[in-house]
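What follows is a single structure, written as structure tokens, with notes after it.
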Amino acid sequence: MGGFYWIASYPKSGNTWMRLMLASLIDGAPPDFSKAIGFAGAVGSVTDMDLYLDVESSDLTPVEQAELRHDLALVTAAAAAKPQFRKVHDRWGHTPTGRPLFPPKVTLGSVYLVRDPRDVAVSWAHHSGLSLDASIAFLGQSGAVVAKSGRWKDQFEQRLDSWSCHVASWLEADPTPLLVAYERLSADPAGVLANVAAHCGIAASDAAVAGAVAATQFDRLRREEETHGFDLGQRRGRAFFRRGRAGGWRDTLSAAQADRIVQDHGPMMARLGYI
Amino acid sequence: MTPTVDCCAAADGPADRTLCGLRVLSELPLPELRPWTGGGRPADLSIRLGDVPDHLEDGVVIHPLVQVAPDGRCRFALAAVGAYLISSDGREVIIAPAPNATGDEIRTFLFGTVFAVVCHRRGLLPLHACCVQVGDKAVAFAGDSGVGKSTLAATLWTRGYPLLADDVTVVDMNAPDGPRVLPAFPRVKLWRDSLERLGRSVDGLGAVRASLDKYHLPVEEGFCATSLPLAGVVQLEKNRKVPPGIRLLPVTQGLGRLNMVLYRPRLMLRLGTQAQQMAQFLRLLGSVGGLRALRRPETPAEWDEVEALLPALAG
């Protein structure tokens, strides 16, 4: 019987960077963008539901898909011999009938990455092709979703809600996740990666951690992307690895835009020490 | 508009239709299936409307959507659509429609997972593939949901290649002269955006389900209604990092892609048919000279290249 480690975050908060670090740590080799990245695939994958629940899941309604994600987690865990890692952008929550989307009984652990929403807004605008103002509005939108249903997608619709609600949902998740701030990950990648590895039951020497950090330095990832491409749903023609800096919002957002984010998310930003 | 077919029993007796060479007598109207013209033999598959128990007693497999009883009966159910009970010999399906389910919805899953169970029980091999006629042979294009099978089927159909199946290609591995593809029905399921890319409007097309923007495109003209020898199986790949063109995969890779070639591959574990299905899959790969792979074509030039490669596949 396997179980899951959920690598969860609001989009553009370091999830892919963390997964590449973990993949590199486990593989003992740098990421190779000439091949598809196989580690920690997205939760709620259409292919997984087709395979494990014996149904053409793209013929299901979004409500049926959301409901069956609970079952998919249980069945996939039961079918696996070892722990599984999955990328998650959903808020922590429940299916339409109230069953946990990330069932505690198959959760081995969760890592929740959080980032200053002012940086998230700038990065999300670049990724999605929205204007900065529209991106700020998206972060404040209750009921916001990604991978919206309505045409074929390889992932089911994922409910984010507002950035504040997203963070709050995961801070209250069962079991409590390991909270990882993007800013701390940037400042001390080796220290943070060692913590995450320990939380996820990955035995790793200091040298292995240092190797994984070196293999996933931002400049290296950007060079790999320039050479081989890296498509993770960003707007066509745009780089996935854009800037990778904490605090970059200061030279991008107007004072009014930054103020609006603080108005929308002040209490959670204060709780996390961003203001 | 295509008339909506009520899910209730047909007024003038059971529908007498054919699916994959089987004579199907059905209390549920099955408008997409061709009428049976093969004479007076008994039904190969009877479809009745009736009660289906919520739980199969002593179920040996209790799965979210599938239950299997010790005697081999199999139940598949979706709350909003209905429950289906497939007999252990694959000769009867009883359907208990959900109160507000449409005929389209009930048939969508009848022709999907439920018919795959029928195939397993009858010793047929269902592939997750579309299938077209090339010359006097059949070529199947397999792959996961969303890889572009239906788009490929519809595109090759518009280029003059008759269609045998859209999403599920059923192979008779026991035909005397080698594997034969049994024709399904003349419809292709496509999302609105895929239809529009093909220059088709959704006006007048029936929706797969009322709340989905996915439609049935009828392909009556140019449907191949006779079984054909299977000449090749090609797995479609979405990854743009693989080279264009059709490549023969090494044997181990071909075997490793079983999950992408067989339809609902884990059903065999629930039904206990894995020995038979695996043996048939091995024989299939042997008889078509191995699994091939094709980066899915996207530009007109790539479609031309694929079309140019087809005769060799069916050679």
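If I filter region B:264-289 down to residues being free of Cβ contacts under 8 Å to residues at least 40 places away in the same chain and assigned to a helix (DSSP H, G or I), which single residue comes out as surrounded by the fewest Cβ atoms within 10 Å (Cβ to Cβ)?
So the residue we want is B:275.
Consider only pairs whose beta carbons are under 9 Å apart and that are at least six residues apart or on different chains; among these, list those whose first residue lies in region B:194-207 and is within 18 Å of residue B:104 (Cβ to Cβ) and whose second residue is acidic (Asp, Glu).
B:202/B:196; B:202/B:213; B:206/B:104; B:207/B:104; B:207/B:213
Would you mention how many residues in region B:222-241 are at pLDDT 90 or above and either in a loop (DSSP other than H, G, I, E, B) or not assigned by the TED database to the domain that holds residue B:171 (or both)?
Residues flagged as at pLDDT 90 or above and either in a loop (DSSP other than H, G, I, E, B) or not assigned by the TED database to the domain that holds residue B:171 (or both) within region B:222-241 amount to 5.
Anything in region B:122-159 that is more than 12 Å from residue B:231 (Cβ to Cβ) and of a type in the set (S, T, N, Q)? List them, or say none.
B:145, B:150, B:151, B:155, B:158
Tally the residues that are in contact (Cβ under 8 Å) with a residue 24 or more places away in the chain and not in a strand (DSSP E or B), restricting the search to region B:28-42.
6
In the set B:144, B:136, which member is closer than 30 Å to residue B:272 by Cα and not small (Gly, Ala, Ser)?
Residue meeting the stated conditions: B:144.
State all residues of region A:90-114 that are more than 21 Å from residue A:139 (Cβ to Cβ), of a type in the set (Lys, Arg) and assigned to a loop (DSSP other than H, G, I, E, B); if no residue qualifies, say none.
A:99
Quick check: anything in region B:229-239 free of Cβ contacts under 8 Å to residues at least 24 places away in the same chain, under 20 Å from the mean Cα position of the chain (by Cα), closer than 20 Å to residue B:149 by Cβ and within 14 Å of another protein chain (Cβ to nearest Cβ)?
Scanning region B:229-239, I find no residue that is free of Cβ contacts under 8 Å to residues at least 24 places away in the same chain, under 20 Å from the mean Cα position of the chain (by Cα), closer than 20 Å to residue B:149 by Cβ and within 14 Å of another protein chain (Cβ to nearest Cβ), so the answer is no.
Please enumerate the residues belonging to region B:242-263 that are part of a helix (DSSP H, G or I) and modelled with pLDDT of 95 or more.
Of everything in region B:242-263, just one residue is part of a helix (DSSP H, G or I) and modelled with pLDDT of 95 or more, namely B:261.
Taking residue B:214, is it outside the structural domain of residue B:66 (by the TED database), modelled with pLDDT under 95 and in contact with a Phe, Trp or Tyr (Cβ under 6 Å, 6 or more places away or on another chain)?
For residue B:214, the condition - outside the structural domain of residue B:66 (by the TED database), modelled with pLDDT under 95 and in contact with a Phe, Trp or Tyr (Cβ under 6 Å, 6 or more places away or on another chain) - is met.
Those residues that are buried (at least 24 other Cβ atoms within 10 Å of the Cβ), β-branched (Val, Ile, Thr) and either within 19 Å of residue B:285 (Cβ to Cβ) or in contact with a Lys or Arg (Cβ under 8 Å, 6 or more places away or on another chain) (or both), I need them from region B:115-167; list them, please.
Answer for region B:115-167, where residues must be buried (at least 24 other Cβ atoms within 10 Å of the Cβ), β-branched (Val, Ile, Thr) and either within 19 Å of residue B:285 (Cβ to Cβ) or in contact with a Lys or Arg (Cβ under 8 Å, 6 or more places away or on another chain) (or both): just B:139.
Residues that are modelled with pLDDT under 95, in a helix (DSSP H, G or I), closer than 24 Å to residue B:107 by Cβ and within 13 Å of chain A (Cβ to nearest Cβ): does region B:194-209 have at least one?
yes
So in region B:240-263, with the set limited to residues that are among the aliphatic types (A, V, I, L, M) and more than 14 Å from chain A (Cβ to nearest Cβ), which one is surrounded by the fewest Cβ atoms within 10 Å (Cβ to Cβ)?
B:251
Can you tell me which of A:197, A:187 is buried (at least 19 other Cβ atoms within 10 Å of the Cβ), more than 14 Å from chain B (Cβ to nearest Cβ) and not β-branched (Val, Ile, Thr)?
Matching residue, one of A:197, A:187: A:197.
Output the residue which, of all residues in region A:129-172 that are surrounded by 18 or more Cβ atoms within 10 Å (Cβ to Cβ) and polar (S, T, N, Q), is farthest from the other protein chains (Cβ to nearest Cβ).
A:164
Any chance you could count how many residues in region A:67-89 are surrounded by 21 or more Cβ atoms within 10 Å (Cβ to Cβ), assigned to a helix (DSSP H, G or I), in contact with a Gly (Cβ under 9 Å, 6 or more places away or on another chain) and not charged (D, E, K, R)?
Number of matching residues: 2.
For residue B:82, are the conditions met, namely being crowded, with 21+ Cβ neighbours inside 10 Å, outside the structural domain of residue B:257 (by the TED database), under 28 Å from residue B:285 (Cα atoms) and free of Cβ contacts under 8 Å to residues at least 60 places away in the same chain?
Judged against the criteria, residue B:82 is not a match.
Kindly indicate whether residue A:73 is within 14 Å of chain B (Cβ to nearest Cβ), under 28 Å from residue A:27 (Cβ atoms) and touching a helix residue (DSSP H, G or I) at 6+ places or on another chain (Cβ under 7 Å).
yes
Go through region B:120-137 and count every residue that is small (Gly, Ala, Ser) and under 15 Å from residue B:171 (Cβ atoms).
Adding up the residues that qualify gives 2.
Tell me which of these residue A:208 doesn't satisfy, since it passes every other one: (1) within 22 Å of residue A:84 (Cα to Cα); (2) in a loop (DSSP other than H, G, I, E, B); (3) more than 20 Å from the chain's Cα centre (by Cα).
Residue A:208 satisfies all of (1) within 22 Å of residue A:84 (Cα to Cα); (2) in a loop (DSSP other than H, G, I, E, B); (3) more than 20 Å from the chain's Cα centre (by Cα) except (2).
Mind listing just one residue for me: the one in region B:61-79 that is away from every other protein chain (no Cβ under 14 Å) and without any contact (Cβ under 8 Å) to a residue 60 or more places away in the chain and, of those, nearest to residue A:73 (Cα to Cα)?
Per the criteria, the residue is B:69.
The values are calculated or read from the model by the stated rules, or taken from the named source; none is laboratory data. Predicted model, so just to flag it, every value in this text is computed and none were measured. Methodologically, a virtual Cβ is constructed for each residue, glycine included, from the backbone with ideal geometry; neighbour enumeration extends over all protein chains shown.
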